[in-house]
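Q: Got a structure for you, questions after.
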Amino acid sequence: MKKITLLVLMLTLGCVAFANDLTKDFITGTPSIKSMSQLAFAPQGILLIGDTKAASVFAVATDDKTPGTAPKRLQINNIEAKLAALLGTKKEEVMIHDMVVNPISKNIYLAVSRGQRRGTTPWKLPADLADATLLIRVKSGKDLEEVPLKNVKYSQVAVPNPTPLKTKYWRGDARVDVITDIAYANGTVYIAGLSNEEFISTFRKVPFPFKSDQLTASTLEIYHGAHGKYETKAPIRAFMPYALNGKPHILASYTCTPLVTIPEAKLKNGQHVKGRTVAELGMRNMPLDMIAIKQKDKEYILMANSTRNLMKISVNALAKTQHNITTRLKDRGGSEGVKFTSAPFLVQHLDKLNEKQVAVVMRMMDGSLALGTLPVRIL
């Protein structure tokens, strides 16, 4: 009787596991990835790859699902030189486009390009300089290896109505901004970027596993205090889904660093949505990554930037703020609205490693890049 009961239990658990397998409708093959512009992780070790050139988001089963612990110390100095040695090229030719942590294995994934070309804009963003076609995994905090993307299980969703190739806008090549950031939360993949609409700044949502017929798109409008006007052409640069006052929101930041909150309930298909500008954090800067951390039971948002130090913003302040910036700043280069503190680190990419550590790609004083960790307690 016990054997029969155990067999029934095993079969039941097997059926449950199969029913919950997010890859069961994936295909096996080689995804046609042209540019790994943005990375994010979905559950079950599934890596999401936002491909701005192909105007698609790919979901790739990495099979990296063995639970791991974060290394006690992670510090890879001069990471560009080490990547160059792995890829058989020069340090000057290597560029890291994005970095994410697999929350299961704690392995780190890097989107990397080999062979930079002349930039098309003064911002010199990765997608302007080269197309990332290499996926690199950092195992156990030290071992670098290329992750092959041949004969893998994957699925794909196309971004509808993308900006056509070779289309120009205020910043240069609009096509490289079709996907500027992606995130997964609560069964949904969120996609920020540009479209071919009249108001080209667009925010998309699609259920995961992908159901393309349920993908929605909303156009966005924000007031930019440093520029003194409403804007519909600038895309979100970095965002994260987050609950404020118990309601789902998108917390987003744009070039020249306005910080905006958008209630998710407003993001319905075909709707034009106005975000609320709760802060201006400084011109001549581009936000690159956003994550949430907790210090002494208080929650904060960390934001990495292109030209400014790591910023920390209180979630409690965001929830309570009455700021809604709708007029030009008196000091266009200054800050206004929700306050932030600045940490003395020039971080280009960051992701949560665990409750005590944040993984970062950080510019060092000698100009080199390092992959390492920062303790949450000091930020």
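The values are calculated or read from the model by the stated rules, or taken from the named source; none is laboratory data. Because the structure is predicted, anything quoted here is derived from the model rather than measured. Because the Cβ atoms are built from the backbone with ideal geometry, glycine has one as well, and the counts that use them run over all protein chains shown.
Q: Taking region 226-260 on its own, how many of its residues are β-branched (Val, Ile, Thr) and surrounded by fewer than 21 Cβ atoms within 10 Å (Cβ to Cβ)? Break it down stepwise before answering.
A: Let us first name the residues in region 226-260 that are β-branched (Val, Ile, Thr), namely 232, 236, 250, 255, 257, 260.
Narrowing the set further to residues that are surrounded by fewer than 21 Cβ atoms within 10 Å (Cβ to Cβ) leaves 232.
Total meeting the criteria: 1.
Q: While we're on this one: Anything in region 143-152 that is touching a Lys or Arg at 6+ places or on another chain (Cβ under 9 Å) and in a loop (DSSP other than H, G, I, E, B)? List them, or say none.
A: First, pick out the residues of region 143-152 that are touching a Lys or Arg at 6+ places or on another chain (Cβ under 9 Å): 143-147.
Passing the criteria: only 147.
Q: Do the conditions hold for residue 218, that is, is it assigned to a strand (DSSP E or B), of a type in the set (Ser, Thr, Tyr) and more than 25 Å from residue 326 (Cα to Cα)? Write out each step before concluding.
A: Details: assigned to a strand (DSSP E or B): yes; of a type in the set (Ser, Thr, Tyr): yes; more than 25 Å from residue 326 (Cα to Cα): no.
Spelling it out, it is not the case that residue 218 is assigned to a strand (DSSP E or B), of a type in the set (Ser, Thr, Tyr) and more than 25 Å from residue 326 (Cα to Cα).
Q: Is it the case that some residue within region 153-173 is part of a helix (DSSP H, G or I), in contact (Cβ under 8 Å) with a residue 12 or more places away in the chain and under 30 Å from residue 272 (Cα atoms)? Walk me through it before giving the result.
A: Taking region 153-173 first, the residues part of a helix (DSSP H, G or I) are none.
The answer is no; no qualifying residue exists.
Q: Is it the case that residue 285 is surrounded by 17 or more Cβ atoms within 10 Å (Cβ to Cβ), closer than 22 Å to residue 229 by Cβ and under 21 Å from the mean Cα position of the chain (by Cα)? Explain how you work it out, then say what you get.
A: Values: surrounded by 17 or more Cβ atoms within 10 Å (Cβ to Cβ): yes; closer than 22 Å to residue 229 by Cβ: yes; under 21 Å from the mean Cα position of the chain (by Cα): yes.
Yes, satisfied.
Q: Name the pairs whose Cβ atoms lie under 6 Å apart, with the first residue in region 236-256 and assigned to a strand (DSSP E or B), the second aromatic (Phe, Trp, Tyr) and surrounded by 18 or more Cβ atoms within 10 Å (Cβ to Cβ), and 6 or more positions between them or separate chains?
A: Partner pairs satisfying both residue conditions: 249/242; 250/239; 251/242; 252/239.
Q: Identify, please: which residue in region 31-86 is assigned to a loop (DSSP other than H, G, I, E, B) and touching a Phe, Trp or Tyr at 6+ places or on another chain (Cβ under 7 Å) and is, among those, surrounded by the most Cβ atoms within 10 Å (Cβ to Cβ)?
A: To start, the set of residues in region 31-86 that are assigned to a loop (DSSP other than H, G, I, E, B) comprises 31-37, 43-45, 52-55, 62-74, 77-78.
Then keep just the ones that are touching a Phe, Trp or Tyr at 6+ places or on another chain (Cβ under 7 Å); that gives 31, 33.
Working: 31: 20, 33: 22.
Among those residues, the one meeting the criterion is 33.
Let's see how each residue does on (1) at pLDDT below 95; (2) among the small types (Gly, Ala, Ser); (3) not in a loop (DSSP other than H, G, I, E, B):
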| site | (1), (2), (3) |
| --- | --- |
| 192 | no, yes, yes |
| 205 | no, no, yes |
| 209 | no, no, no |
| 261 | no, no, yes |
| 284 | yes, no, no |
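Q: So which residues in region 206-222 are under 19 Å from the mean Cα position of the chain (by Cα) and closer than 20 Å to residue 44 by Cα?
A: Scanning region 206-222 gives 206, 207, 208, 209, 210.
Q: Out of 312, 352, 298, 330, report the one residue that is modelled with pLDDT of 95 or more and more than 30 Å from residue 140 (Cβ to Cβ).
A: Numbers: 312 fails: more than 30 Å from residue 140 (Cβ to Cβ); 352 fails: more than 30 Å from residue 140 (Cβ to Cβ); 330 fails: modelled with pLDDT of 95 or more.
Within the list 312, 352, 298, 330, the selection yields 298.
Q: Now a separate question. Given (1) closer than 14 Å to residue 36 by Cα; (2) not in a loop (DSSP other than H, G, I, E, B), where does residue 131 come up short, assuming only one miss?
A: For residue 131, the failing item is (2).
Q: How many residues, within region 257-299, are closer than 21 Å to residue 185 by Cα, in contact with a Gly (Cβ under 6 Å, 6 or more places away or on another chain) and in contact (Cβ under 8 Å) with a residue 40 or more places away in the chain?
A: 1
Q: Let me spell it out: the conditions are (1) surrounded by 18 or more Cβ atoms within 10 Å (Cβ to Cβ); (2) closer than 27 Å to residue 234 by Cα, and residue 332 meets all of them except one. Which number is the exception?
A: (1)
Q: Count, please, the residues in region 179-199 that happen to be surrounded by fewer than 22 Cβ atoms within 10 Å (Cβ to Cβ) and more than 20 Å from residue 288 (Cβ to Cβ).
A: 7
Q: Here is a follow-up. Between residues in region 365-377 that are closer than 18 Å to residue 99 by Cα and modelled with pLDDT of 95 or more and residues that are assigned to a loop (DSSP other than H, G, I, E, B) and polar (S, T, N, Q), which pairs lie under 6 Å by C-beta distance while being six or more apart or on different chains?
A: These pairs meet every condition: 370/77.
Q: Of everything in region 300-320, what is free of Cβ contacts under 8 Å to residues at least 60 places away in the same chain, closer than 24 Å to residue 221 by Cα and surrounded by fewer than 18 Cβ atoms within 10 Å (Cβ to Cβ)? Give them in sequence order.
A: Listed by number, the residues that qualify are 317, 320.
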